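Worksheet: one structure, shown below.
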Amino acid sequence: MLIDSHAHIDSPRYADDRAAMLARAYEAGVGAIMAIGIGENTGEMHQALDICRQFNGQPNMPRLYASAGVYPHNTTEINNEVLTRLDQLLAQPEVIACGEIGLDYYHEGAPHDVQRHAFIQQLEIAAQRKRPILIHCRPKEGTDDAWVDLLAILNQHWRPTGLGGVMHCFGAGWQQARLSLDLGFLISFAGNITYPKAQPLREVAAKVHLNSLLVETDAPWLAPMPNRGKRNEPAWVAQTTDALSTVLGRMPLEVASATTQNFSNLFKLGEL
Ligand SMILES: [Zn+2]
């Protein structure tokens, strides 16, 4: 069994074939999917939960879990009403994670101080609801500025909770990986690890212990080879798992079972 730890299955790009897309994932061995609840704006944070409730319990479908959170570039929308809705979503049993949240200094968007403040506010809510967090971190090209700020905030505001989380779609270097592991985070690799130019990233992945790894699609984006450029979907997490297995010198089944166990341990799901 495989788990896609990060997919935007509420995307309008699945409007016409969402049930068939989920059935394909199940056929490919994907037993569970984390549906990311950020929507395109804060008004859509509930969509991932809605999809969980729509499909869970149907036969031959992956088990769906949801997250909820305010994406870094949507943090300018934050007010008390948004934070209250986030808190209420995190109280639902299907919503097992807060995210994806973090810092994005790569794209122009929400000012950095607004992002940092909103990140800390969301950490406080997630801590109260005892939900691990899913981190999006993207520095300005050629720098590690967002990582420096992110790791400082996590050290101060998150480490004491002991709740841990996931570095989603990891794309940084070994130093950032090591500091994330030290904070008790899992490191999740996406389809970009299969790309020809990703040799530095594969070298980082090779150093991460099997007990600290997850796999994801980040669908509908970042389709792994050989489907790069197409709409991605959770079934294709298998290609990313195969690539990661090669990097680690392990059997794909070993990586599948370890990443499934890691997911279950982080979110305290018991036997999956
Ligand atoms: Zn994402």
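The values are calculated or read from the model by the stated rules, or taken from the named source; none is laboratory data. Only a predicted model underlies this, so the values are computations on that prediction, with no experimental measurement involved. Neighbour counts are summed over all protein chains in view; Cβ atoms, including those assigned to glycine, are modelled from backbone coordinates with ideal geometry. What goes into the accessible areas is simple: the full protein's heavy atoms, side chains included, and nothing from ligands, DNA or RNA. Shrake-Rupley method; radii C 1.70, N 1.55, O 1.52, S 1.80 Å.
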For the stretch 162-171, which positions are more than 16 Å from the ligand (Cβ to nearest atom) and open to solvent by less than 50 Å² (accessible area, probe 1.4 Å)?
LEU163, GLY164
Tell me the residue from ALA15, ALA19, ALA23 that is more than 16 Å from the ligand (Cβ to nearest atom), open to solvent by 50 Å² or more (accessible area, probe 1.4 Å), among the hydrophobic types (A, V, I, L, M, F, W, C) and more than 23 Å from LEU244 (Cα to Cα), please.
ALA15
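Looking at the stretch 243-255, is at least one residue in a loop (DSSP other than H, G, I, E, B), among the small types (Gly, Ala, Ser), open to solvent by 10 Å² or more (accessible area, probe 1.4 Å) and within 30 Å of GLN128 (Cα to Cα)?
So far as the stretch 243-255 goes, no, none of its residues is in a loop (DSSP other than H, G, I, E, B), among the small types (Gly, Ala, Ser), open to solvent by 10 Å² or more (accessible area, probe 1.4 Å) and within 30 Å of GLN128 (Cα to Cα).
Restricting to the stretch 84-134, name every residue that is charged (D, E, K, R) and on the phi < 0 side of the Ramachandran plot. Explain how you work it out, then say what you get.
Filtering the stretch 84-134 for residues charged (D, E, K, R) gives 85, 87, 94, 100, 104, 108, 113, 116, 124, 129-131.
Passing the criteria: ARG85, ASP87, GLU94, GLU100, ASP104, GLU108, ASP113, ARG116, GLU124, ARG129, ARG131.
A quick yes/no check of all residues on (1) outside any helix (DSSP H, G or I); (2) more than 18 Å from the chain's Cα centre (by Cα); (3) away from the ligand (no atom under 16 Å from the Cβ); (4) under 19 Å from ALA66 (Cα atoms):
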residue: ASP113; (1), (2), (3), (4): no, yes, yes, no
residue: ARG116; (1), (2), (3), (4): no, yes, yes, no
residue: ALA146; (1), (2), (3), (4): no, no, no, no
residue: LEU151; (1), (2), (3), (4): no, no, yes, no
Qualifying residue in the stretch 42-51 (condition: within 22 Å of LYS130 (Cα to Cα), assigned to a strand (DSSP E or B), open to solvent by less than 50 Å² (accessible area, probe 1.4 Å) and more than 15 Å from the ligand (Cβ to nearest atom)):
no
Single unsatisfied condition, GLN54 versus (1) open to solvent by 20 Å² or more (accessible area, probe 1.4 Å); (2) within 15 Å of the ligand (Cβ to nearest atom):
(2)
